[in-house]
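Peer 1: Below is one structure. I have some questions about it.
The values are calculated or read from the model by the stated rules, or taken from the named source; none is laboratory data. None of these values were measured; they are calculated from a predicted model. All Cβ positions, glycine included, derive from the backbone under ideal geometry; neighbour counts span all protein chains shown.
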Amino acid sequence: MNDPIIDIRNLTKFYGKSRGIENVNLEMNRGEVFGFIGPNGAGKSTTIRILMNLIFPTGGSARILGMDVVRQTKEIKRKTGYIPSDANAYSYMEVEEFLNYFARFYEAGDGSGRIKELANLFELDLKRKISDLSTGNKKKVSIVQSLVHHPELLIMDEPTTGLDPLMQALFFDLLRKENQRGMSIFFSSHVLSEVQMFCRRVAIIKEGKIIQLEDIETLRKKQLKKVTIESEEQVKPESLSFPGVVNLAAGRGNSLTFMFSGNINELIKYLSGKMIINLMIEEPSLDEIFMHYYQI
């Protein structure tokens, strides 16, 4: 049986009395494309910064490629690529100088060919100073830097920030090819459409704790339904009191929309006693599923 490429056990980080993450447990398989989702402040970046040994945990442990992220961080970083949410680099350097520096750090040998290949793909001018680059071009530098040494694992924290739609499409196409060659990808984001399109499994983090770990397709196929009803007369949301009804909101005219996680046949029986003129039951989007888990 293969060991997980990322193995997190009861990982905890407090900033003084403030919570970062608490008792996070997570395993990611080799070769996997894994999504880590949650809004800002949920604990995504804290978890990643511990994995990259940028901050130290308060408790628990984390291992990458079977190695402890604190004690064996040098070995881990030679085999791991990292794209931070904020693209920072040595602003006084030229792009090519900076990328060659990191190729040597990774002990990747002569990385010039790989650098030029990726720079051409992302239309990145290697001769410009980093201080002169736009936010989007600085993010391209981070992407090239993370991939120059052909890492076994790529860890990404909001990687598409600053990229225009064309560059985002090129980026995801490149990641698919790298994954097919064997690279594992840990993708942290709050953009649900990206996760839905790209990842196979996803962990949802809320207030520093993992609240759901699921295959994307399983998450979509769960019993949760989106229900919209239209009545002959205005119906107040508080009048629809039935087990399993959550996120109830008034829509246009005399309509109500809500998420439902109970027995759909019992709900239909209940609604049959109301003055309903239209009923729609559909699968919720991943965004709506996500919001459901954040509101329960």
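Peer 1: Working only within region 248-282, note down all residues that are within 36 Å of the chain's Cα centre (by Cα), among the hydroxyl-bearing types (Ser, Thr, Tyr) and under 15 Å from Glu232 (Cβ atoms).
Peer 2: Selection gives Ser255 alone.
Peer 1: Related question: Name the pairs whose Cβ atoms lie under 6 Å apart, with the first residue in region 223-246 and of a type in the set (Phe, Trp, Tyr), the second at pLDDT 75 or above, and 6 or more positions between them or separate chains?
Peer 2: Phe242/Tyr270
Peer 1: A follow-up question, please. Answer with yes or no whether Ile204 is modelled with pLDDT of 80 or more, on the phi < 0 side of the Ramachandran plot and in the same structural domain as Ile48 (by TED's automatic domain parsing).
Peer 2: For Ile204, the condition - modelled with pLDDT of 80 or more, on the phi < 0 side of the Ramachandran plot and in the same structural domain as Ile48 (by TED's automatic domain parsing) - is met.
Peer 1: Restricting attention to region 53-66, which residues are within 14 Å of Ile5 (Cα to Cα) and buried (at least 16 other Cβ atoms within 10 Å of the Cβ)?
Peer 2: If the condition is that a residue be within 14 Å of Ile5 (Cα to Cα) and buried (at least 16 other Cβ atoms within 10 Å of the Cβ), then Ala62, Arg63, Ile64, Leu65 are the ones that fit.
Peer 1: Please pick out the residue among Phe36, Phe105, Phe98 that is within 14 Å of Ser142 (Cβ to Cβ) and in contact with a helix residue (DSSP H, G or I) (Cβ under 9 Å, 6 or more places away or on another chain).
Peer 2: That would be Phe98, the only listed residue that is within 14 Å of Ser142 (Cβ to Cβ) and in contact with a helix residue (DSSP H, G or I) (Cβ under 9 Å, 6 or more places away or on another chain).
Peer 1: Output the residues belonging to region 100-120 that are in contact with a Phe, Trp or Tyr (Cβ under 9 Å, 6 or more places away or on another chain) and among the aliphatic types (A, V, I, L, M). First the steps, then the outcome.
Peer 2: Of all residues in region 100-120, those in contact with a Phe, Trp or Tyr (Cβ under 9 Å, 6 or more places away or on another chain) come to 101, 108, 111.
Listed by number, the list holds a single entry, Ala108.
Here's the yes/no breakdown for (1) over 15 Å from the mean Cα position of the chain (by Cα); (2) of a type outside the set (Gly, Ala, Ser):
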site: Lys139; (1), (2): yes, yes
site: Pro151; (1), (2): yes, yes
site: Ile155; (1), (2): no, yes
site: Phe172; (1), (2): no, yes
site: Ser188; (1), (2): no, no
site: Glu194; (1), (2): no, yes
site: Phe198; (1), (2): no, yes
site: Val202; (1), (2): no, yes
site: Asp215; (1), (2): no, yes
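Peer 1: Going by the structure shown, is Met197 at pLDDT below 95, surrounded by fewer than 17 Cβ atoms within 10 Å (Cβ to Cβ) and of a type in the set (A, V, I, L, M, F, W, C)?
Peer 2: Details: at pLDDT below 95: yes; surrounded by fewer than 17 Cβ atoms within 10 Å (Cβ to Cβ): yes; of a type in the set (A, V, I, L, M, F, W, C): yes.
It is true that Met197 is at pLDDT below 95, surrounded by fewer than 17 Cβ atoms within 10 Å (Cβ to Cβ) and of a type in the set (A, V, I, L, M, F, W, C).
Peer 1: What number of residues in region 100-118 are farther than 13 Å from Thr80 by Cβ, over 25 Å from the mean Cα position of the chain (by Cα) and buried (at least 18 other Cβ atoms within 10 Å of the Cβ)?
Peer 2: Result for region 100-118: 5.
Peer 1: Checking Ile8 against (1) at pLDDT 95 or above; (2) buried (at least 20 other Cβ atoms within 10 Å of the Cβ); (3) farther than 23 Å from Gly182 by Cα, only one condition comes out false. Which one?
Peer 2: (3)
Peer 1: Can I ask one more? For region 119-160, how many residues are touching a Leu at 6+ places or on another chain (Cβ under 8 Å), buried (at least 20 other Cβ atoms within 10 Å of the Cβ) and part of a helix (DSSP H, G or I)?
Peer 2: 9
Peer 1: Assess whether Ile211 counts as being at pLDDT 85 or above, over 23 Å from Arg114 (Cβ atoms) and in contact with a strand residue (DSSP E or B) (Cβ under 9 Å, 6 or more places away or on another chain). Walk me through how you get there before you give the answer.
Peer 2: Numbers: at pLDDT 85 or above: yes; over 23 Å from Arg114 (Cβ atoms): yes; in contact with a strand residue (DSSP E or B) (Cβ under 9 Å, 6 or more places away or on another chain): yes.
In short, yes.
Conditions tested, residue by residue: (1) outside the structural domain of Arg63 (by TED's automatic domain parsing); (2) of a type in the set (Val, Ile, Thr); (3) free of Cβ contacts under 8 Å to residues at least 60 places away in the same chain; (4) over 16 Å from Ile48 (Cβ atoms).
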position	(1), (2), (3), (4)
Ser142	no, no, yes, no
Leu153	no, no, no, no
Met156	no, no, no, no
Gln168	no, no, yes, yes
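Peer 1: Against the conditions (1) within 23 Å of Glu32 (Cα to Cα); (2) without any contact (Cβ under 8 Å) to a residue 24 or more places away in the chain, where does Thr160 fall short? Just the number, please.
Peer 2: (2)
Peer 1: If you don't mind, another one. Does region 161-201 hold any residues that are small (Gly, Ala, Ser) and part of a loop (DSSP other than H, G, I, E, B), and which are they? First the steps, then the outcome.
Peer 2: Step one: of region 161-201, the residues small (Gly, Ala, Ser) are 162, 169, 182, 184, 188-189, 193.
Result: Gly162, Gly182.
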